[in-house]
1. Among the residues of region 181-209, write down those that are touching a residue at least 60 places away in the same chain (Cβ under 8 Å) and out of contact with any strand residue (DSSP E or B) (no Cβ under 6 Å at 6 or more places or on another chain).
2. Determine whether region 110-126 contains at least one residue that is under 21 Å from residue 98 (Cα atoms), within 12 Å of the chain's Cα centre (by Cα) and touching a residue at least 60 places away in the same chain (Cβ under 8 Å).
3. For region 137-163, which positions are without any contact (Cβ under 8 Å) to a residue 60 or more places away in the chain, in contact with a helix residue (DSSP H, G or I) (Cβ under 9 Å, 6 or more places away or on another chain) and over 20 Å from residue 100 (Cα atoms)?
4. Check region 124-131 and report whether any residue there is in contact with a helix residue (DSSP H, G or I) (Cβ under 6 Å, 6 or more places away or on another chain), under 25 Å from residue 14 (Cβ atoms) and not assigned by TED's automatic domain parsing to the domain that holds residue 60.
5. Scanning region 58-91 for residues that are over 25 Å from residue 31 (Cβ atoms) and in a helix (DSSP H, G or I), which turns out modelled with the lowest pLDDT?
6. Can you tell me how many residues within region 18-47 are touching a helix residue (DSSP H, G or I) at 6+ places or on another chain (Cβ under 8 Å) and more than 30 Å from residue 201 (Cβ to Cβ)?
7. Please return the ranges of helices (runs of 4 or more DSSP H) entirely within region 1-57 where 2 or more residues are at pLDDT below 95 and farther than 24 Å from residue 109 by Cβ.
8. So which residues in region 96-109 are in contact with a helix residue (DSSP H, G or I) (Cβ under 6 Å, 6 or more places away or on another chain) and modelled with pLDDT of 95 or more, if there are any at all?
């Protein structure tokens, strides 16, 4: 089994310390940091997403795999930057809306997006519409993702979209919403571009959107 395959397997299995050790070994073997990411870490998280879709992996397993991926990628990031080969696919802003402190789902989406090569700006929880707008102006992302777990806070999502429209920022960004009380109908009702039923679906949605924009 090759070093890259061993690393991919370690991430899928959620073996954090093993993943770090193999990442260091791969670097010592002279494998390019970008190749380690593209040929081991990204495919590993893609597989984890598929396992989640098939109900073979659940949130605890996915979180551990994401932790292993993150630990390995943190070792590679400075090396990739030094090499001048850093190629972020796109930038995504994430946040849990005002009044809501739940973040497990958001954090999972964040880690899986990073594992897929996206740059993530995580605003945390209890994020106001004004803060979302400010972040969009600062970071100029391709995608904005909002989460809510309470029916009382999901109403904040429409306020964020309205604020983006007032600032004439809505046309240049895709808006994705997610959370237990939401569905596609609600996403359509408030003018969002998509509903992420789970973390895997959300990541795949972002991939689809950004590929279309790059091709278009």
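The values are calculated or read from the model by the stated rules, or taken from the named source; none is laboratory data. Here the structure is a predicted model, which is why all the values come from computation and not from measurement. Neighbour counts run over all protein chains shown; Cβ positions are idealised from the backbone, glycine included.
1. Quick first cut of region 181-209, residues touching a residue at least 60 places away in the same chain (Cβ under 8 Å) only: 196, 198-204, 206-207, 209.
Selection gives 198, 199, 200, 201, 203, 204, 207.
2. First pass over region 110-126, keeping only residues under 21 Å from residue 98 (Cα atoms): 110, 120-126.
Going one step further and asking which of them are within 12 Å of the chain's Cα centre (by Cα), we end up with 110, 120-122.
Of the ones still in play, those that are also touching a residue at least 60 places away in the same chain (Cβ under 8 Å) are none.
Looking through region 110-126, none of the residues is under 21 Å from residue 98 (Cα atoms), within 12 Å of the chain's Cα centre (by Cα) and touching a residue at least 60 places away in the same chain (Cβ under 8 Å).
3. Within region 137-163, 140, 141 meet the criteria.
4. At the first step, the residues of region 124-131 found to be in contact with a helix residue (DSSP H, G or I) (Cβ under 6 Å, 6 or more places away or on another chain) are 129.
Retained after the next criterion (residues that are under 25 Å from residue 14 (Cβ atoms)): none.
The answer is no; no qualifying residue exists.
5. Let us first name the residues in region 58-91 that are over 25 Å from residue 31 (Cβ atoms), namely 58-63, 90-91.
Restricting the remaining residues to those that are in a helix (DSSP H, G or I) gives 59-63.
On the way: 59: 85, 60: 90, 61: 93, 62: 89, 63: 89.
Top of the filtered list is 59.
6. 7
7. Working: elements: 3-12, 16-28, 33-36, 42-53.
The qualifying helices (runs of 4 or more DSSP H) are 33-36.
8. Our first condition is that a residue be in contact with a helix residue (DSSP H, G or I) (Cβ under 6 Å, 6 or more places away or on another chain); within region 96-109, this holds for 96-98, 108-109.
Residues satisfying the conditions are 96, 97, 98.
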